[in-house]
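Accompanying notes for the structure given below.
The values are calculated or read from the model by the stated rules, or taken from the named source; none is laboratory data. Remember, predicted model here, so these are calculated numbers, not experimental data. Glycine gets a Cβ as well: all are built from the backbone with ideal geometry, and neighbour counts include every protein chain shown. The accessibility values were calculated without ligands, DNA or RNA, using every heavy atom of the protein model including side chains. Shrake-Rupley method; radii C 1.70, N 1.55, O 1.52, S 1.80 Å.
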Amino acid sequence: MEKDILTLGIETSCDETSVAVIKNGREILSNIVDTQIPIHEKYGGVVPEIASRNHIEAITRVTKKALKEANITFKDITAITPTYGPGLVGALLVGVSYAKALSFAIDKPLVGVNHIQGHIASNYITYKELKPPFLCVMMSGGNTQLVYVKGYTEFEVLGKTRDDAIGEAFDKVARVIGLGYPGGPKVDNLAKEGNQNAIQLPKTHFDNLDFSFSGIKTAVINLHHKTPNINKADLCASFEKTVTEILIENTVKALKLIDTNTIVLAGGVSASNFIRSEFLKLEDKGIKVYMPDLKLCTDNAAMIGSAGYYNFINGNTSELDLNAIPNLKL
Ligand code: KG4
């Protein structure tokens, strides 16, 4: 019988310190997520310097908890798999440095993981049968892209945002209309009480599969400033409906160009109830739609440990000079 491969996922790219133990890329033995949301809430967004300092304080405690919950010790780990980008550089450096020190100390391979690859892999944990190829609609706080996932470690970006990420637009809208941080879930919740056809909002189209969310974000902000009594629920519902249409239009266009009929959602914004239900409607057209378990949509180390497993078995290991790359591409 083949020996199980246990990866130690380490995620510190933004405001969650997370460490997970993953068995053979698909099974969570532990997934500890220590969120800094309450710390950054009062500033209305993530303060990078404060995020780094809190990762430093949390990382050892979170790692010990992850090992304990998985009922293993360091010697049972096969490979150490930290996120090394994209993200906030100071925050990434905490996880990368910690992983490098650990790799040296316990003499286990180091495997750098691209955070976006991690978000995609959250679906491998949710659906044990899911295999590439498929089209991933990656929607998070820092990225929005359509990725043709040809293999576990082979990606082609078909389209991406030219300005704001979709999550940034959700967060900015929430902040301006006074809903607080993080804005995505708050906009999504308030939208349920509103009329999604109440307000016409602009959509930016390109000839290729790129996105733009800054125009609609600015339109919502201007409307809010110019119309003091505007119904916030209607505004949220109309905003969410329009950005979802933008996502789905490009997704359907992309499917015509590639050899797959499977769509996989990923990233924090894929936790939106409305976006999930609208994408599921595509199943009526014979398209298969997968979406991560809600707990795995936002940042967590389980998805990083899963992606790390696939890097490891494909021989993509890292040296001890691995650095944080804030604008790392797929
Ligand atoms: O994937 P993620 O945790 O971080 C990045 O890797 O960027 O995504 C965070 C983003 C934030 O913009 C947050 O507001 C958004 O995901 N988000 C949501 C929901 N939950 C989180 N957006 C819409 N609806 C939600 N339920």
## Note on the structure
Of the residues in the range 126-156, those that are open to solvent by 10 Å² or more (accessible area, probe 1.4 Å), among the β-branched types (Val, Ile, Thr) and within 16 Å of the ligand (Cβ to nearest atom) come to Thr126
### Task
Look through Val252, Val269, Val243, Val264 and report the one residue that is part of a strand (DSSP E or B) and closer than 26 Å to Thr204 by Cα.
Val264
#### Entry: When residues of the range 277-295 are limited to those that are surrounded by 22 or more Cβ atoms within 10 Å (Cβ to Cβ) and part of a loop (DSSP other than H, G, I, E, B), the one nearest to the ligand (Cβ to nearest atom)
Pro292
### Task
Using the structure shown, decide if Ala66 is buried (at least 21 other Cβ atoms within 10 Å of the Cβ) and touching a strand residue (DSSP E or B) at 6+ places or on another chain (Cβ under 6 Å).
yes
#### Entry: Residues (small (Gly, Ala, Ser) and within 12 Å of the ligand (Cβ to nearest atom)) located in the range 244-276
Ala266, Gly267, Gly268, Ser270, Ala271, Ser272
### Query
From the residues in the range 166-187 that are open to solvent by less than 10 Å² (accessible area, probe 1.4 Å) and within 6 Å of the ligand (Cβ to nearest atom), which one is nearest to Ile39 (Cα to Cα)?
Gly183
### Query
With respect to the numbered conditions (1) open to solvent by less than 40 Å² (accessible area, probe 1.4 Å); (2) without any contact (Cβ under 8 Å) to a residue 60 or more places away in the chain; (3) within 16 Å of the ligand (Cβ to nearest atom); (4) farther than 30 Å from Ala307 by Cβ, which one is the sole condition not fulfilled by Leu201?
(3)
### Message
Please list, ordered by residue number, the strands (runs of 3 or more DSSP E) wholly in the range 131-220 having 3 or more residues that are closer than 19 Å to Asp299 by Cα.
### Response
134-139, 144-151
